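Contents: one structure, followed by commentary.
The values are calculated or read from the model by the stated rules, or taken from the named source; none is laboratory data. These numbers come from a predicted model, not from an experiment. Here Cβ is always computed from backbone atoms with ideal geometry, including for glycine, and neighbour counts include all displayed protein chains. Surface accessibility is based on the protein's heavy atoms, side chains included, excluding ligands, DNA and RNA. Shrake-Rupley method; radii C 1.70, N 1.55, O 1.52, S 1.80 Å.
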Amino acid sequence: MTMILALESSCDETACAVVKDGKEILSSIVSSQINVHTLYGGVVPEVASRIHVENISTVVTEAVKRSGVTMNDIDAIAFTQGPGLIGSLHVGVQAAKTLAWEFHKPLVPIDHMTGHIYANRFAIDHDLKFPLLALVISGGHSQLVWMANDWDFKVLGTTRDDAIGEAYDKVSRVLGTGYPGGPVIDKMAKSSKENYHLPTPKVDGKYDFSFSGLKTAVSQLIAREEKAGRPIIKEDVAYAFQETALKSMIGKTLQAVQDLHPAMVVTAGGVAANSRLRVLLEEGMKQFPKVELSQPPIKFCTDNAAMIGASGYIAYKHGLFGTFDVAADPGLMMPGEE
Ligand code: KG4
Ligand code: ZN
């Protein structure tokens with residue numbers, strides 16, 4: 001039995017969890033700062049790190065208390081080393097080192113994106129199956145990742161410009177519907193009609209994505225309608241953006257499934273919470289009945305520490321420990337990524 005205490009503070013969630021064998025969540029506390037950043041229309045790094053400092057001790061104390069175990073029972077401290085906002089990451093890294101020092105526990109530095117992928121351990125009642133194809137989509141990343149084996153990552157394709165979550169957030173800003181854009185657009189698009197047409201993103205790389213042109217097309221569409229004196233139906237713009245972005249991304253994912261024959265496809269990251277993505281991907285994957293599809297419950301798509309505990313468990317099993325010299329790395333690449 002392996003008990004991991006995990007910390008996550010890469011962006012605007014201060015989180016701590018206690019996870020048993022990378023699968024069973026004994027406690028998971030997520031303190032979101034979203035209400036504060038909404039006031040500014042996006043995450044303000046300086047404000048984010050300050051709130052992490054204010055909250056981290058309470059979040060850790062609460063996670064240990066609710067887990068029903070004591071620090072004696074913890075085998076290792078896993079924490080997000082990167083990627084993310086430097087000031088935010090520092091807080092989690094320092095807290096992890098302090099705990100490791102005080103309680104004589106090994107440190108396990110974790111790449112945030114591997115955490116998103118391993119969150120799928122909470123969605124299925126067996127281990128992940130390999131080879132595995134992960135569609136990793138968050139506020140900072142849009143990647144297709146191939147895992148031939150456990151803890152073996154190869155980035156097949158990535159965005160050439162904006163991450164998809166970033167595009168959601170920017171489109172919402174243009175529409176004046178606030179931050180974070182993903183959940184708002186997801187909801188707005190449900191009460192909409194197919195009214196506008198946007199061009200499908202074009203990108204050379206077979207498994208690469210591009211979302212910046214689409215974002216610009218949304219701004220141009222709004223400007224055109226305004227110039228023509230026509231009212232902008234926000235829901236319909238949200239729908240057109242979402243359908244175009246998701247269909248392009250899912251098209252690439254299904255292409256990779258057809259080419260590479262994974263045993264399993266998983267989604268990961270904040271955008272994986274999207275309700276329309278879940279439906280479209282499930283429909284698309286029907287042509288590959290032998291390939292298992294896992295889409296984690298929404299609370300494990302957006303940032304949390306339990307996922308760092310899941311990934312931390314695998315890293316712990318591989319003996320991937322850090323020293324007290326380990327530093328936050330805002331541009332950290334996934335293991336194996338160039
Ligand atoms: O993984 P995450 O919580 O943080 C990062 O690691 O970046 O992802 C945050 C992103 C934001 O851009 C947010 O707008 C997007 O995930 N998001 C969504 C949904 N919920 C969150 N995007 C589309 N649909 C959603 N329901
Ligand atoms: Zn994330």
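For the structure I just gave you, tell me whether V18 is assigned by TED's automatic domain parsing to the domain that holds A306, of a type in the set (A, V, I, L, M, F, W, C) and surrounded by fewer than 19 Cβ atoms within 10 Å (Cβ to Cβ).
Values: assigned by TED's automatic domain parsing to the domain that holds A306: yes; of a type in the set (A, V, I, L, M, F, W, C): yes; surrounded by fewer than 19 Cβ atoms within 10 Å (Cβ to Cβ): no.
When the stated conditions are applied, V18 does not pass them.
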Within the range 187-207, residues being at pLDDT 95 or above and open to solvent by less than 20 Å² (accessible area, probe 1.4 Å) number 2
Which of the residues spanning the range 176-186 are hydrophobic (A, V, I, L, M, F, W, C) and open to solvent by 80 Å² or more (accessible area, probe 1.4 Å)?
-> none
Could you list, in sequence order, all residues of the range 3-34 that are within 15 Å of S49 (Cα to Cα) and more than 11 Å from ligand 1 (Cβ to nearest atom)?
-> L7, S9, T14, S31, Q33
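Conditions (1) under 22 Å from the mean Cα position of the chain (by Cα); (2) β-branched (V, I, T), marked per residue:
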{"site": "K20", "(1), (2)": "yes, no"}
{"site": "L26", "(1), (2)": "yes, no"}
{"site": "N35", "(1), (2)": "yes, no"}
{"site": "H52", "(1), (2)": "yes, no"}
{"site": "V60", "(1), (2)": "yes, yes"}
{"site": "I74", "(1), (2)": "no, yes"}
Away from ligand 1 (no atom under 16 Å from the Cβ) and more than 30 Å from D161 (Cβ to Cβ), is that true of P131?
-> no
If we ask which residues in the range 44-64 are out of contact with any helix residue (DSSP H, G or I) (no Cβ under 9 Å at 6 or more places or on another chain) and not in a helix (DSSP H, G or I), their number turns out to be 0
Determine whether I4 is part of a strand (DSSP E or B) and open to solvent by 50 Å² or more (accessible area, probe 1.4 Å).
-> no
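Tell me which helices (runs of 4 or more DSSP H) are completely within the range 217-333 and hold 3 or more residues being open to solvent by 10 Å² or more (accessible area, probe 1.4 Å) and without any contact (Cβ under 8 Å) to a residue 12 or more places away in the chain, or say none if there are none. Outline the logic, then answer.
On the way: elements: 234-260, 275-284, 298-301, 306-317.
Fully inside the range 217-333 and qualifying: nothing.
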When (1) out of contact with any Ser or Thr (no Cβ under 8 Å at 6 or more places or on another chain); (2) without any contact (Cβ under 8 Å) to a residue 60 or more places away in the chain are applied to S210, the one that fails is (1)
All positions within the range 153-175 that are in a loop (DSSP other than H, G, I, E, B) and either open to solvent by less than 40 Å² (accessible area, probe 1.4 Å) or free of Cβ contacts under 8 Å to residues at least 12 places away in the same chain (or both) | F153, D162, A163
List every residue pair whose Cβ atoms sit under 6 Å apart, with the two residues 6 or more apart in sequence or on different chains, where the first one lies in the range 8-21 and is charged (D, E, K, R) and the second, anywhere, is part of a strand (DSSP E or B) and at pLDDT below 95.
-> E13/S32
